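J.: One structure, pasted below without further comment.
The values are calculated or read from the model by the stated rules, or taken from the named source; none is laboratory data. Being a predicted model, the structure only gives us computed values, none of them experimental. Methodologically, a virtual Cβ is constructed for each residue, glycine included, from the backbone with ideal geometry; neighbour enumeration extends over all protein chains shown. Heavy atoms of the whole protein, side chains included, go into the accessibility calculation; ligands, DNA and RNA do not. Shrake-Rupley method; radii C 1.70, N 1.55, O 1.52, S 1.80 Å.
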Amino acid sequence: MVMAKLRALLILSLAGGVFGQAPTAPVLNPRGAVNAFTVQPAPSSVSAGGILTITGINLGPAAGFTAEAGTLPTSIGDPALEVRINNRPSPIYAATPGSITVQVPLETANGAAQVVVRRGTQASQPARFNVVGAVPSVRTANGNGYGTAGESDGAVTKLRATGLGLTDPRVATGELPAADQAALLRAPIRATVGGLPAEATAQLSATNVGEFEVAVALPADSLPTDVVAVYLGNAVGNRVTLGAANSLVSEYLPLPANARDPRGLAASDLRPGYLTLSGARGEDGCWPSWLVDFSRRAVQGLGGCAASANRNAATPFQANNEAAAVAAFVGPAAADIAQGVSDKLTILHPANAEPMTVTLPAAGLALAGAQGGNVGVLLATTPPRNVVVNPITGEITEGAAGAGPGGGGGGINISNLAVDLGDGVKELVAVPVNVGQGALAVLAVDSAAAPTKAKFGLVGANGQATSTQDFPSGWLPLLAPVQAAGPGGGLPGIPGLPGLPGIPGGGGIGGAFALIRGATFFDGQTRLFWTLARNPQNTADAFIAFSLAPNTAPVVLPLGDGIFVASCTAQTRLFTIDLTRRIAVSTGTVAEKEVKNPCAASSFALLDLTARQLTTINLPGQGQFSVSGNSANEMNDYVYGTNADPARQGRSDTIYVLDGVGGSAFRLDLPPEISTFANPTPYPEMSLLVAQATAQNSNVNGGAGLVLFDIENQQARLLPTPAGFSAVQLLSIFPTTRKLLARGTRVEPVGSQLLVYDMITGDLQVVANPPGVVWAGPAPVVPTPGQPPQQQAQPLQHFSPRSNAVHVVGYGADRRAAGVMLLRIN
């Protein structure tokens with residue numbers, strides 16, 4: 001166990017013991033309850049019936065324990081060792097002083113769950129994890145949830161998985177199926193191998209409690225680099241590979257002369273080496289397009305007319321997530337796009353030898369993804385309706401009713417929701433929260449520009465108030481300051497929330513804009529609605545909680561003297577800490593009232609939702625970090641931000657981290673060869689941040705390479721720029737193989753190449769450019785004397801972590817597209 005975890009566990013154990021005595025009570029690592037097969041970092045998700053590993057100290061017997069074949073015990077040793085999940089005894093597979101592996105009872109309800117270890121009369125504090133519906137969890141060869149898995153004979157690969165749900169006949173928690181009758185999975189299961197559909201079956205193991213034996217038939221042209229994905233309905237498990245760990249396969253197809261000026265690319269999300277390229281839209285409304293199929297080693301011109309409702313689209317083709325197909329309408333488009341583009345659809349699928357044309361029931365307006373890798377089409381009917389097209393057979397079935405433009409479908413149009421909570425309080429300042437039974441919790445003021453009164457209320461779908469509560473005397477909602485509108489005015493639209501449509505863009509106070517100025521959180525467990533507040537004198541801030549129960553006074557928790565929410569951004573963010581049921585907000589020492597960049601914070605306020613208590617966590621060394629825009633973020637119950645120094649022009653030299661579970665803050669400094677970093681990107685699968693590193697005495701982002709901030713282990717390490725390259729740029733991360741893809745820029749000879757780093761070992765593979773390719777990606781624009789600067793071309797590239805595939809158009813010395821590069825990253 002790493003030192004950071006050891007320190008945390010020792011602190012926890014000594015806190016409950018007597019100085020000078022060795023603690024004997026079991027102590028759980030608050031982050032130590034994880035899915036045993038996926039090894040997803042906490043907060044980890046496990047299905048009922050799945051397998052959970054918990055870590056800590058003083059857990060199992062010193063000699064260890066491993067259950068014998070057959071029914072698992074729920075109590076072992078003397079004094080008796082028990083593990084309870086939501087107070088239900090859990091069957092034990094194995095136990096050591098540092099870890100215990102148990103089965104999550106099949107009866108466990110979905111949602112947040114607590115696990116407690118008992119030894120005799122002593123019990124641990126709980127650790128938390130999430131119980132989810134049936135989602136496959138596949139055992140991998142390395143036991144870490146990624147990489148190769150199963151055994152293959154060339155025709156079938158056999159996997160081990162948990163979390164697949166109930167069987168027929170049903171087998172009880174902790175037991176094996178009857179020897180004379182196979183326990184078959186009730187729900188239908190499917191799989192893909194290399195993006196192609198593959199027949200799959202599953203039955204409960206006759207020897208390993210809780211494990212399923214999954215057999216996947218391999219398509220004829222399967223490769224060792226292919227990704228295997230197992231699906232239950234729309235839920236997909238952790239992806240694994242057939243084999244060929246730590247290998248990289250590079251392929252290349254040159255483009256024909258008439259395809260050397262592509263403008264758009266659409267690539268299959270699941271099938272490596274299957275994509276379309278499109279040229280500029282012609283006067284006839286058609287995009288000339290080509291199918292690039294590496295399995296057939298061909299670049300094929302697509303006849304006919306590919307069309308789209310968007311005249312400015314780079315490509316008319318659409319490739320959806322979790323799908324192998326690529327599709328476009330058959331044009332030319334109708335003169336009135338509102339009447340639909342076309343009633344015909346071209347679908348390209350790697351399982352079909354030729355493109356397929358499908359005739360729709362009516363003209364279509366837009367394409368979208370659909371469950372099972374199908375193609376969804378919104379039809380221009382009254383009212384609009386959706387159909388779903390099977391991309392292999394062309395079969396058409398009815399889908400759900402279409403949502404309005406920009407909407408999330410169903411629910412309430414909050415952008416037009418009008419409320420009146422009395423006393424002139426009518427302006428909403430936070431997004432309404434659905435609290436069940438047809439009620440919305442709302443927060444409103446008399447004037448968003450200069451509020452003097454505020455209320456909390458419950459309203460129906462029509463905005464009619466059913467109950468209201470005044471804000472406590474001397475407090476008003478803390479509203480984020482107004483961001484001045486830039487050129488063109490207004491604000492971008494807000495994406496649709498689950499069950500709620502999107503909020504259209506617009507400028508000015510009130511209306512839709514006012515909706516996002518307040519910061520709120522609804523705690524479903526306690527049924528309390530929390531919001532931030534400030535007094536009218538701007539001398540104090542607080543958390544205020546309103547109960548949904550009638551005749552219950554609000555709870556006011558002041559932040560403390562001289563502590564204020566960092567309120568100099570256009571939206572104040574609350575960060576949820578699931579494992580300890582806390583809410584974090586960035587704080588400082590000034591009651592800011594205007595937008596600033598950077599907006600500096602020097603501490604965090606942690607709200608304990610259960611105890612209803614506040615704690616202030618100061619940054620170490622009187623540090624400050626920026627909360628402007630998305631500078632501060634949350635990952636795996638860590639909140640992180642970069643130091644605030646406007647002189648560095650978007651670069652930083654320190655990352656500050658709040659451990660929301662441990663209730664402490666720390667800083668991560670750079671390796672000595674690095675001066676600053678930029679553009680940190682989260683990688684939750686490993687609790688890492690990846691950023692471009694700047695070398696000492698340099699201003700080039702990525703000149704030193706890429707720096708990995710290991711949040712969980714409180715370390716930073718460098719993936720250096722290789723010799724011969726001037727800088728590197730992060731392109732994508734591949735969880736299935738723990739690889740990182742970057743593009744390296746060369747000065748002499750000029751050009752760029754793809755680089756693949758191993759995030760575990762740090763090893764680097766430099767991908768050689770094919771003959772005739774100088775730039776692996778867009779060629780830089782060369783300024784023309786006397787001409788206005790040209791805009792850099794949009795990169796024609798596609799990175800798919802779901803298929804371990806990279807598609808990049810390479811450019812030659814003449815700065816024209818030369819061909820398509822395919823990398824299979826294992």
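J.: Only residues that are surrounded by fewer than 16 Cβ atoms within 10 Å (Cβ to Cβ), modelled with pLDDT of 95 or more and outside any strand (DSSP E or B): list them for the stretch 103-124, please.
T.: Once the filter is applied, which keeps residues that are surrounded by fewer than 16 Cβ atoms within 10 Å (Cβ to Cβ), modelled with pLDDT of 95 or more and outside any strand (DSSP E or B), the stretch 103-124 yields E107, A109, N110.
J.: If you don't mind, there's one more thing I want to ask. When you go through T539, T526, T552, T576 one by one, which is the residue that is outside any loop (DSSP other than H, G, I, E, B) and open to solvent by 30 Å² or more (accessible area, probe 1.4 Å)?
T.: T576
J.: I'm trying to understand the selection: among the residues of the stretch 420-448, which are within 13 Å of L476 (Cβ to Cβ) and open to solvent by 30 Å² or more (accessible area, probe 1.4 Å)?
T.: E427, D446, S447
J.: Is it the case that the stretch 648-661 has a residue that's in a loop (DSSP other than H, G, I, E, B), more than 25 Å from F734 (Cβ to Cβ), of a type in the set (K, R) and at pLDDT below 95?
T.: Checked the stretch 648-661: at least one residue is in a loop (DSSP other than H, G, I, E, B), more than 25 Å from F734 (Cβ to Cβ), of a type in the set (K, R) and at pLDDT below 95.
J.: With respect to G394, determine if the residue is modelled with pLDDT of 95 or more, on the phi > 0 side of the Ramachandran plot and in a loop (DSSP other than H, G, I, E, B).
T.: It is true that G394 is modelled with pLDDT of 95 or more, on the phi > 0 side of the Ramachandran plot and in a loop (DSSP other than H, G, I, E, B).
J.: If a residue counts only when it is of a type in the set (K, R), which strands (runs of 3 or more DSSP E) contained entirely in the stretch 417-473 have at least 1 such residues?
T.: 454-459
J.: What's the number of the condition A202 fails, among (1) open to solvent by 30 Å² or more (accessible area, probe 1.4 Å); (2) in contact (Cβ under 8 Å) with a residue 24 or more places away in the chain?
T.: Failing condition for A202: (1).
J.: What do you reckon, is G772 open to solvent by 10 Å² or more (accessible area, probe 1.4 Å), farther than 28 Å from S628 by Cβ and touching a residue at least 40 places away in the same chain (Cβ under 8 Å)?
T.: Yes: the conditions hold for G772.
J.: Test I544 against the criterion of being modelled with pLDDT of 95 or more, out of contact with any His (no Cβ under 6 Å at 6 or more places or on another chain) and hydrophobic (A, V, I, L, M, F, W, C), and give yes or no.
T.: Considered against the rule, which asks whether it is modelled with pLDDT of 95 or more, out of contact with any His (no Cβ under 6 Å at 6 or more places or on another chain) and hydrophobic (A, V, I, L, M, F, W, C), I544 comes out as yes.
J.: Which one of these is under 30 Å from L607 (Cα atoms) and touching a Gly at 6+ places or on another chain (Cβ under 9 Å): V657, V690?
T.: Step by step, each of V657, V690 is checked, and only V657 is under 30 Å from L607 (Cα atoms) and touching a Gly at 6+ places or on another chain (Cβ under 9 Å).
J.: Do you know which residues across the stretch 307-332 are surrounded by 23 or more Cβ atoms within 10 Å (Cβ to Cβ), aliphatic (A, V, I, L, M) and out of contact with any Asp or Glu (no Cβ under 9 Å at 6 or more places or on another chain)?
T.: Of everything in the stretch 307-332, those that are surrounded by 23 or more Cβ atoms within 10 Å (Cβ to Cβ), aliphatic (A, V, I, L, M) and out of contact with any Asp or Glu (no Cβ under 9 Å at 6 or more places or on another chain) turn out to be A307, A325, V326, A327, A328.
J.: What residue, among those in the stretch 234-255 that are open to solvent by 20 Å² or more (accessible area, probe 1.4 Å) and under 20 Å from the mean Cα position of the chain (by Cα), is nearest to A805 (Cα to Cα)?
T.: Within the stretch 234-255, the match that is nearest to A805 (Cα to Cα) is R239.
J.: Now for a separate question. What are the residues in the stretch 261-287 that are charged (D, E, K, R) and out of contact with any Lys or Arg (no Cβ under 7 Å at 6 or more places or on another chain), if any?
T.: R263, R271, E283, D284
J.: For the stretch 662-701, give me the residue count where each residue is among the polar types (S, T, N, Q) and outside any loop (DSSP other than H, G, I, E, B).
T.: Total meeting the criteria: 7.
J.: Pairs, please: C-beta under 8 Å, at least 6 apart or cross-chain, first residue free of Cβ contacts under 8 Å to residues at least 40 places away in the same chain and within 25 Å of I57 (Cβ to Cβ) and in the stretch 104-119, second of a type in the set (D, E) and open to solvent by 70 Å² or more (accessible area, probe 1.4 Å)?
T.: Here the result reads none, with nothing in the stretch 104-119 linked to a residue that is of a type in the set (D, E) and open to solvent by 70 Å² or more (accessible area, probe 1.4 Å).
J.: Is one or more of the residues making up the stretch 710-726 in contact with a helix residue (DSSP H, G or I) (Cβ under 7 Å, 6 or more places away or on another chain), at positive phi, part of a loop (DSSP other than H, G, I, E, B) and not hydrophobic (A, V, I, L, M, F, W, C)?
T.: yes
J.: Please verify whether V341 is open to solvent by less than 10 Å² (accessible area, probe 1.4 Å) and touching a Ser or Thr at 6+ places or on another chain (Cβ under 6 Å), treating the condition exactly as stated.
T.: No: the conditions fail for V341.
J.: Can I ask one more? Based on what the data block shows, is P789 out of contact with any Asp or Glu (no Cβ under 7 Å at 6 or more places or on another chain) and either open to solvent by less than 10 Å² (accessible area, probe 1.4 Å) or at pLDDT below 95 (or both)?
T.: yes
J.: Let me ask something additional. For the condition without any contact (Cβ under 8 Å) to a residue 60 or more places away in the chain, open to solvent by less than 60 Å² (accessible area, probe 1.4 Å), over 22 Å from I516 (Cβ atoms) and not hydrophobic (A, V, I, L, M, F, W, C), what is the one hit in D637, D608, D561?
T.: Answer to the check: D608.
J.: A further question follows. Any residue that is open to solvent by 50 Å² or more (accessible area, probe 1.4 Å), among the hydroxyl-bearing types (S, T, Y) and touching a residue at least 12 places away in the same chain (Cβ under 8 Å) - is there at least one of those in the stretch 158-173?
T.: No - not one qualifying residue is present in the stretch 158-173.
J.: I need the full set of residues from the stretch 677-706 which are among the hydroxyl-bearing types (S, T, Y), more than 28 Å from P43 (Cα to Cα) and open to solvent by 10 Å² or more (accessible area, probe 1.4 Å), in order please.
T.: Listed by number, the list holds a single entry, S698.
J.: Same structure again: Residue by residue through the stretch 733-769, note down the ones that are among the hydrophobic types (A, V, I, L, M, F, W, C), open to solvent by less than 60 Å² (accessible area, probe 1.4 Å) and under 20 Å from T148 (Cβ atoms).
T.: Matches in the stretch 733-769: I733, F734, L740, L741, V756, M759.
J.: Out of all the residues in the stretch 368-390, which are assigned to a loop (DSSP other than H, G, I, E, B) and open to solvent by 40 Å² or more (accessible area, probe 1.4 Å)?
T.: T382, P383, P384, N390
J.: Search the stretch 75-102 for residues being touching a Gly at 6+ places or on another chain (Cβ under 7 Å) and open to solvent by 50 Å² or more (accessible area, probe 1.4 Å), and hand back the single one that is modelled with the lowest pLDDT.
T.: Ranking the qualifying residues of the stretch 75-102, first place goes to P79.
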